[in-house]
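The values are calculated or read from the model by the stated rules, or taken from the named source; none is laboratory data. All values derive from a computational prediction rather than experimental measurement. Using ideal geometry, Cβ is built from the backbone for each residue, glycine included, and neighbour counts are taken over all protein chains shown.
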Amino acid sequence: MTHISQFLGEEADLGPEKRIAILSAPLASSVSWLGGTELGPQAIIDASPALEVFDDELLAETVRLGIATRPVPDFTGLATAVACGQIENAVAEELAGGMFPVLLGGEHTVTVPAVKACLAQYPDLHVVQIDAHLDLRDQYEDNPDSHACVMRRLDELGVPFTQIGIRSFSKEEYELVQAKEWRPFFMHRIRAEPDWIEQVCAGIKGPVYFTCDVDGLDPAIIPATGTPEPDGMTWRETIDLLREISRRHRIVGMDFVEFSPRLGAEHAAFTVAKLIYRTLGYIFR
């Protein structure tokens, strides 16, 4: 298969100048159960030219904002800390150049260096996380840099965050949530509280970094992930949330992680590509 180097393929060149940077971070050093997340960024890029660049909801060609796709780095054989250093530098470089960074993972660990880069420019940053899991373990399989620890590491950086779509966690993680008096938007809470999106938006202070672990969405929509959990967020719930956050707050960077290509579930890469494109439309409209 020929690798397409640009998100949206040839139509990416419709924008006269570039304002958005698509960065890939194919890190997969600590994946759980089903692997393959290192193939996620390229799979999303490869699926993206199938999108109509005229958005069916926004009735606009978001691509005309200008989207640049950076080359996919090779993290083979690199220590996690070294790869994360490269990711932080890459995101910082885009921000310094006035670009809006969109990071494609790879495992969720890549969020930590991306947030560090954004924190340097936006010290009052607030992270919004869509995820099936709390990711609040201190370490997992003796690895503090595991994808299962990403939000714990962000808490140690002093970054406030809002967790949405949660439906899988350990007893220790739940005890931490209770001790800290956090109120994640567990799926049972989303189903029970019709004003949950209003609650999410009201709790955000400062500019937003959005991280989407694709397993936050229901596996009926995105089965291609390492740890699919039933009863996830619907497409409608996800885009309604992103539309409202974008309307009321400034999103300054985002990532889409834990996508893992699956034979027979090729539609899932297209779905992630459309979610990215739609979210960019909301942010820049």
| query | Among the candidates Glu93, Glu17, which residue alone is loosely packed, with under 15 Cβ neighbours inside 10 Å and acidic (Asp, Glu)? | reply | Glu17
| When you go through Ala114, Ala120 one by one, which is the residue that is surrounded by fewer than 24 Cβ atoms within 10 Å (Cβ to Cβ), among the hydrophobic types (A, V, I, L, M, F, W, C) and part of a helix (DSSP H, G or I)? | Ala120
| task | Check region 71-78 and report whether any residue there is at pLDDT 95 or above, surrounded by 21 or more Cβ atoms within 10 Å (Cβ to Cβ) and in contact with a helix residue (DSSP H, G or I) (Cβ under 9 Å, 6 or more places away or on another chain). | result | no
| field | Matching residues, region 227-245, being within 15 Å of the chain's Cα centre (by Cα) and either among the small types (Gly, Ala, Ser) or over 18 Å from Leu58 (Cα atoms) (or both) | value | Met233
| said: Condition (residue is part of a strand (DSSP E or B) and touching a Phe, Trp or Tyr at 6+ places or on another chain (Cβ under 8 Å)) applied to region 78-87: is it met by at least one residue? | reply: no
| request: For region 60-73, state whether one or more residues are in contact with a Ser or Thr (Cβ under 7 Å, 6 or more places away or on another chain), under 18 Å from Phe256 (Cα atoms) and polar (S, T, N, Q). | output: yes
| task | Could you grab me the full set of residues in region 247-275 that are under 21 Å from Val53 (Cβ atoms), surrounded by fewer than 23 Cβ atoms within 10 Å (Cβ to Cβ) and touching a strand residue (DSSP E or B) at 6+ places or on another chain (Cβ under 9 Å)? | result | Ile251, Thr271, Leu275
| task | For region 40-48, state whether one or more residues are at pLDDT 90 or above, surrounded by fewer than 19 Cβ atoms within 10 Å (Cβ to Cβ) and within 25 Å of Pro228 (Cβ to Cβ). | result | no
| task | Only residues that are over 16 Å from the mean Cα position of the chain (by Cα) and of a type in the set (A, V, I, L, M): list them for region 189-220, please. | result | Ile190, Ala192, Ile197, Val200, Ala202, Ile204, Ala220
| note | When region 99-154 is checked residue by residue, the ones that are free of Cβ contacts under 8 Å to residues at least 40 places away in the same chain, touching a helix residue (DSSP H, G or I) at 6+ places or on another chain (Cβ under 8 Å) and farther than 21 Å from Ala28 by Cβ are Ala120, Asp138
| remark: Residue count, region 210-229, condition touching a Lys or Arg at 6+ places or on another chain (Cβ under 9 Å), in contact (Cβ under 8 Å) with a residue 60 or more places away in the chain and surrounded by fewer than 21 Cβ atoms within 10 Å (Cβ to Cβ), comes to 1
| Filter region 27-38 for residues that are closer than 16 Å to Ala269 by Cα and surrounded by 18 or more Cβ atoms within 10 Å (Cβ to Cβ); which is modelled with the lowest pLDDT? | Thr37
